[in-house]
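In what follows, a single structure is set out as structure tokens and then discussed.
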Amino acid sequence: QVQPVESGGGLVQAGGPLRVPCAASGRTFSRDKMGWFRQAPGKERTFVAAIRWSTGSTYYADSVKGRFTISRDNAKNTVYLQMNSLKPEDTAVYYCAASRNIISWTRDYDYWGQGIQVTVSS
């Protein structure tokens, strides 16, 4: 069983940075793909970024490319989402997810965290 656990989040001013970690328990092969998603009020949950534990390869949604960076710390079993140049439209609940399925970056995630709120004020 894999359990992603997000922490951090909160309120940040537009243009500012925020880094949110996701601790991942469970066997590595069961969570080779780790991703971040977000859901704004009244909208569907959408893909943000993903990384593979084994290779460090990353993939980003166009809306965050160049502003967000996903990384991993193998020793701490933690994935980080570094968010820079934040905009009010980045306001959402952010979810961390894990999967052993590496065919698609943006879907087929099996395990989900509880989500954390990120609010960007203008």
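The values are calculated or read from the model by the stated rules, or taken from the named source; none is laboratory data. Here the structure is a predicted model, which means the values were calculated and not measured. Virtual Cβ from ideal backbone geometry, glycine too; neighbours counted across all protein chains shown. The accessibility values were calculated without ligands, DNA or RNA, using every heavy atom of the protein model including side chains. Shrake-Rupley method; radii C 1.70, N 1.55, O 1.52, S 1.80 Å.
Listed here are the strands (runs of 3 or more DSSP E) enclosed by the range 42-122 that have at least 2 residues being more than 16 Å from R31 (Cβ to Cβ) and touching an Asp or Glu at 6+ places or on another chain (Cβ under 7 Å): 116-121. Which of the residues belonging to the range 7-38 are touching a Phe, Trp or Tyr at 6+ places or on another chain (Cβ under 7 Å) and either open to solvent by 30 Å² or more (accessible area, probe 1.4 Å) or assigned to a strand (DSSP E or B) (or both)? Those that are touching a Phe, Trp or Tyr at 6+ places or on another chain (Cβ under 7 Å) and either open to solvent by 30 Å² or more (accessible area, probe 1.4 Å) or assigned to a strand (DSSP E or B) (or both): R19, V20, P21, T28, M34, G35, W36, F37, R38. Residues that are basic (K, R) and out of contact with any Ser or Thr (no Cβ under 7 Å at 6 or more places or on another chain) were ranked within the range 73-122; the one that is farthest from S7 (Cα to Cα) is R107.
Collect the residues in the range 82-91 that are within 11 Å of V64 (Cα to Cα) and surrounded by 14 or more Cβ atoms within 10 Å (Cβ to Cβ), keeping them in residue-number order. Across the range 82-91, the qualifying residues are Q82, M83, N84, L86, K87, D90.
Every residue, every condition in (1) touching a strand residue (DSSP E or B) at 6+ places or on another chain (Cβ under 9 Å); (2) in contact (Cβ under 8 Å) with a residue 24 or more places away in the chain; (3) buried (at least 21 other Cβ atoms within 10 Å of the Cβ), yes or no:
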position: S71; (1), (2), (3): yes, no, no
position: V93; (1), (2), (3): yes, yes, no
position: C96; (1), (2), (3): yes, yes, yes
position: I102; (1), (2), (3): yes, yes, no
position: D108; (1), (2), (3): yes, no, no
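Among the conditions (1) without any contact (Cβ under 8 Å) to a residue 60 or more places away in the chain; (2) in contact with a Cys (Cβ under 9 Å, 6 or more places away or on another chain), the only one that W112 does not satisfy is (1).
Does A75 meet the test of being open to solvent by 60 Å² or more (accessible area, probe 1.4 Å) and either aliphatic (A, V, I, L, M) or at positive phi (or both)? For A75, the condition - open to solvent by 60 Å² or more (accessible area, probe 1.4 Å) and either aliphatic (A, V, I, L, M) or at positive phi (or both) - is met.
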